[in-house]
1. Which value in Å does the Kirkwood hydrodynamic radius of the range 76-175 take, with 1/r averaged over all unlike C-alpha pairs and then inverted?
2. If amide hydrogens are placed 1.01 Å from N in the peptide plane, which non-local residues have theirs closer than 5 Å to the one on TYR98?
3. What ³J(HN,Hα) values, in whole Hz, does the Karplus curve 6.51 cos²θ - 1.76 cosθ + 1.60 give for the range 152-161 when θ = phi - 60°, with x put for Gly and Pro?
4. Roughly speaking, what is the centre-to-centre gap between the range 3-37 and the range 45-60 when only Cα atoms are used, to the nearest Å?
5. Considering amide H positions built from the backbone, and no H for Pro or chain starts, which residues 5 or more places from LEU35, or on another chain, come under 5 Å of its amide H?
6. Where Lys and Arg each count +1 and Asp and Glu each count -1, what net charge lies around PRO107 among other residues with Cβ under 12 Å from its Cβ?
7. Once the range 1-154 is represented by equal point scatterers at the alpha-carbon sites, with solvent omitted, what log10 I(q)/I(0) does the Debye formula produce at q = 0.15, 0.16 Å⁻¹?
8. Rounded to whole Å and sorted largest first, list the principal axis extents of the Cα atoms in the range 25-99.
Amino acid sequence: MLKAPTNKFGRVGFRGELALRFGVKLADEARPPELTCDQVMAVATVGDKHLPFFAGYLLSFEHLKDVAEVLGDTLSAGGKYFLFCNNIDLSKKYQVPYKGAMFYVLPIDESTVYNELLTLLYLEKNDLKKKDTAGKLDAVADAALKYDITFDTITYAEGLELMGPVRNPNEGRPV
């Protein structure tokens with residue numbers, strides 16, 4: 001977890017969970033969010049209204065819309081936004097334009113966003129071991145900002161047609 005300045009001057013980093021949809025609040029009862037984007041990694045530059053880098057995990061591709069709505073005006077055409085979705089074909093990688101931003105939509109299977117990004121960006125885990133959380137986030141964000149590989153571009157509607165069933169993340173777990 002991180003919500004603080006990183007080791008790079010003028011940069012603020014975040015690692016954690018992003019609430020996408022809240023439940024109905026009854027009286028003073030605090031309820032957990034109904035929908036979240038998990039394993040989020042993001043950086044922002046002080047004074048800049050756009051997020052240059054964002055990555056996260058979604059159980060279903062359809063929630064890309066929720067991420068884009070929550071992030072709203074902080075998204076830009078020049079930003080690097082990576083969403084790892086659990087219900088897309090493991091052999092496919094896409095780019096999805098949505099609300100003026102381009103999202104890299106990638107499969108994830110029994111791994112973490114951090115590990116998947118290290119593999120995608122060709123970063124060596126051993127090179128990052130001695131860094132603190134902020135330093136690791138800086139290294140990942142810097143590599144992501146240079147990322148320029150392209151994949152098949154599909155629309156959000158086409159992605160909805162291509163996505164598979166949403167799996168139950170608690171399936172097969174002992175009670």
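1. Values: mean 1/r = 0.0659 Å⁻¹.
Taking the inverse mean of 1/r over all distinct Cα pairs, the range 76-175 comes out at 15.2 Å.
2. The list, which skips near neighbours in sequence, is PHE103.
3. 4, 9, 10, 7, 4, 4, 5, x, 4, 6
4. 13
5. LEU20, ARG21
6. Details: positive: LYS92, LYS93; negative: ASP89, ASP109, GLU110, GLU116.
Computed value for this residue: -2.
7. Each listed q maps to, in turn, -0.79, -0.90.
8. 43, 38, 20
Read-outs throughout are calculated quantities, based only on the coordinates presented, and are distinct from any laboratory measurement. Values in this document were obtained by computation on a predicted structure and should not be read as measured data. Counting neighbours? That spans all protein chains shown, and the Cβs are built from the backbone with ideal geometry, glycine included.
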